[in-house]
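The values are calculated or read from the model by the stated rules, or taken from the named source; none is laboratory data. Only a predicted model underlies this, so the values are computations on that prediction, with no experimental measurement involved. Every residue, glycine among them, receives a Cβ derived from its backbone with ideal geometry; neighbour counts consider all protein chains shown. SASA here: full protein model, heavy atoms, side chains in, ligands and nucleic acids out. Shrake-Rupley method; radii C 1.70, N 1.55, O 1.52, S 1.80 Å.
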Amino acid sequence: MTTSSKFLFRASLVAASVAAASSAYSAGFALNDHSATASGKALAGVAASNEDISASFWNPALFVNAQDTTVFVSGAYVMPSMDVTNISANNATAAGGSSIAGSSTNSDSVDNTLVPSFYLAKPLSDKTVAGISLNVPFGLSGDYGQDWAGRFHATETAVQDIALSFSLAHRMNDWVSVGASVQVHKAEIVLESGVGSTVALAGGEGIGRIEADDTGYGYSLGVALEPQKGTRIGLGYRSEVDFDFKGDVKYTGVSTGLSTAKGLVDANVSDSVTLPSVLTLGLEQDLTPKLTLGLSAIRTGWGSLDGLNIDFDSNQDNSVLTFGFEDQWMYSAGLTYDYSDKLTLRTGVAMDNSPVTNEYRSARTPDGDRKWISVGGTYDFNDMTSATFAFTHVMIENVSVNRTNLTEDKSRGKLKADYKSSANVISVAMNMAF
């Protein structure tokens, strides 16, 4: 690896180690900006793309797009907005079920975030390419603060999954390529909320904070076909990843009476979680020598993520949060236009369906269906170097959280709130061959 490649790889590791993205960008808490090239056309045709190696996240066979040793570095700056209104909350029934004082609005719970991606391809022969990539497939970050009325349901939530992949792609003949990868995933989770109630005679309230992590393993498979010149079809699959999270819970501000009654003491915690599989089908059709149509259908197996059932190494009862997620599809269509020998333009639209059901929507998963509108472009400085830019506006369905009848909320009380969200995403990338 050249000195420049080593520097870029180290820089990507540092960036990924601090990345956590807001749920305002992608349905559930999947992150879909792993390539400024793909983002410019709303992921349209991404599993069949012959543009560069960044499409290998969705289909590892597309590492064969590298003719030389190639580095692709991409970053997405996510600028989310989430306004929470009509907030009302009540203490747990055991504390009298009284209403909780607090602001009826909250607009500061999500922050701007950088999501990086890195790809390195090394041809081993004229038909076989080895690849390494670093991505953040899943991420979630939100902080309501410790004073809002819904604090017994959530104050802070953070999930981060960083994946390092090792891939091999092979061009079997002029129209069939295959690829596979093995992945090492490092995931961390932070869950913070209020505990107890606002009623002093019932023990008062404090804050509980859980931090846990684990390492998991996954794989991906892919095939890319070009049955006739100008028609490309791709299919990629990323596997589920199992985690056995282990960490600890720490409490602050908890009275002795509350600690004794509820068993709220610092302790080790554990929970098993499965992050979902992703199946991507892509089609690209050259309409003219300059214009290409792309279509994608992406299925995320959210049903594998049934919820949280956190076990405390103490007398405290398990903390349960049912997600009730359903498997969902994202659909997109886009166009790529070769404006000149140096400039390529892109645009696309997408419908990204949320896995969240109305019954189980919570302050930690206030999710709704999304619509994307994307534009982008690539400028080739020379045969070896290019820069890519993309802008995506994400429109998110208005949703409501109505946690008033679930048994699992017996210690959290009731919460009702309305959510209005959107996001703007700016993506940039450099593609360099050596």
Residues in the range 152-169 that are touching a residue at least 60 places away in the same chain (Cβ under 8 Å) and either more than 30 Å from residue 75 (Cβ to Cβ) or part of a loop (DSSP other than H, G, I, E, B) (or both): how many? 3
Working carefully through the options 198, 215, find the one that is in contact with a strand residue (DSSP E or B) (Cβ under 8 Å, 6 or more places away or on another chain), open to solvent by less than 60 Å² (accessible area, probe 1.4 Å) and outside any strand (DSSP E or B). 198
Those residues of the range 378-387 which are among the acidic types (Asp, Glu) and assigned to a strand (DSSP E or B) amount to 380
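For every residue, the table says whether it meets (1) assigned to a strand (DSSP E or B); (2) open to solvent by 20 Å² or more (accessible area, probe 1.4 Å); (3) of a type in the set (Phe, Trp, Tyr); (4) under 30 Å from residue 97 (Cα atoms).
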{"residue": "340", "(1), (2), (3), (4)": "no, yes, no, no"}
{"residue": "349", "(1), (2), (3), (4)": "yes, yes, no, no"}
{"residue": "354", "(1), (2), (3), (4)": "no, no, no, no"}
{"residue": "365", "(1), (2), (3), (4)": "no, no, no, yes"}
{"residue": "371", "(1), (2), (3), (4)": "yes, yes, no, no"}
{"residue": "376", "(1), (2), (3), (4)": "yes, no, no, no"}
{"residue": "394", "(1), (2), (3), (4)": "yes, no, no, no"}
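Here is a yes/no grid of residues against (1) in contact (Cβ under 8 Å) with a residue 12 or more places away in the chain; (2) under 19 Å from residue 291 (Cβ atoms); (3) out of contact with any helix residue (DSSP H, G or I) (no Cβ under 7 Å at 6 or more places or on another chain); (4) not hydrophobic (A, V, I, L, M, F, W, C):
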residue	(1), (2), (3), (4)
358	yes, no, yes, yes
370	yes, no, yes, yes
382	no, no, yes, yes
388	yes, yes, no, yes
406	yes, no, yes, no
Top-ranked residue in the range 117-151 [being closer than 30 Å to residue 98 by Cβ and outside any loop (DSSP other than H, G, I, E, B); ranked as least open to solvent (accessible area, probe 1.4 Å)]: 142
Which condition number does residue 344 fail, the rest of (1) within 24 Å of the chain's Cα centre (by Cα); (2) crowded, with 20+ Cβ neighbours inside 10 Å; (3) part of a strand (DSSP E or B) being met? (1)
State which residue pairs qualify: first residue on the phi > 0 side of the Ramachandran plot and free of Cβ contacts under 8 Å to residues at least 40 places away in the same chain and inside the range 124-145, second residue part of a strand (DSSP E or B) and open to solvent by 10 Å² or more (accessible area, probe 1.4 Å) in any location, beta carbons under 9 Å apart, and separation of 6 or more residues or different chains. 145/106; 145/156
How many of the residues in the range 403-424 are in a strand (DSSP E or B), more than 18 Å from residue 108 (Cα to Cα) and open to solvent by less than 40 Å² (accessible area, probe 1.4 Å)? 2
Select, from 207, 189, the only residue that is over 25 Å from the mean Cα position of the chain (by Cα), within 27 Å of residue 365 (Cα to Cα) and in a strand (DSSP E or B). 207
Filtering the range 76-96 down to residues that are over 19 Å from residue 155 (Cβ atoms) and modelled with pLDDT under 90 yields 93, 94, 96
Test: residue in the range 296-315 that is without any contact (Cβ under 8 Å) to a residue 12 or more places away in the chain and open to solvent by 50 Å² or more (accessible area, probe 1.4 Å): no
Matching entry among 94, 89, 101 (being of a type outside the set (Phe, Trp, Tyr), in a strand (DSSP E or B) and in contact (Cβ under 8 Å) with a residue 60 or more places away in the chain): 89
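If you check residue 13 against the conditions, is it surrounded by fewer than 21 Cβ atoms within 10 Å (Cβ to Cβ) and either modelled with pLDDT under 95 or in contact with a helix residue (DSSP H, G or I) (Cβ under 9 Å, 6 or more places away or on another chain) (or both)?
Yes: the conditions hold for residue 13.
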List the number of the failed condition for residue 400; all other conditions in (1) crowded, with 16+ Cβ neighbours inside 10 Å; (2) part of a strand (DSSP E or B) hold. (1)
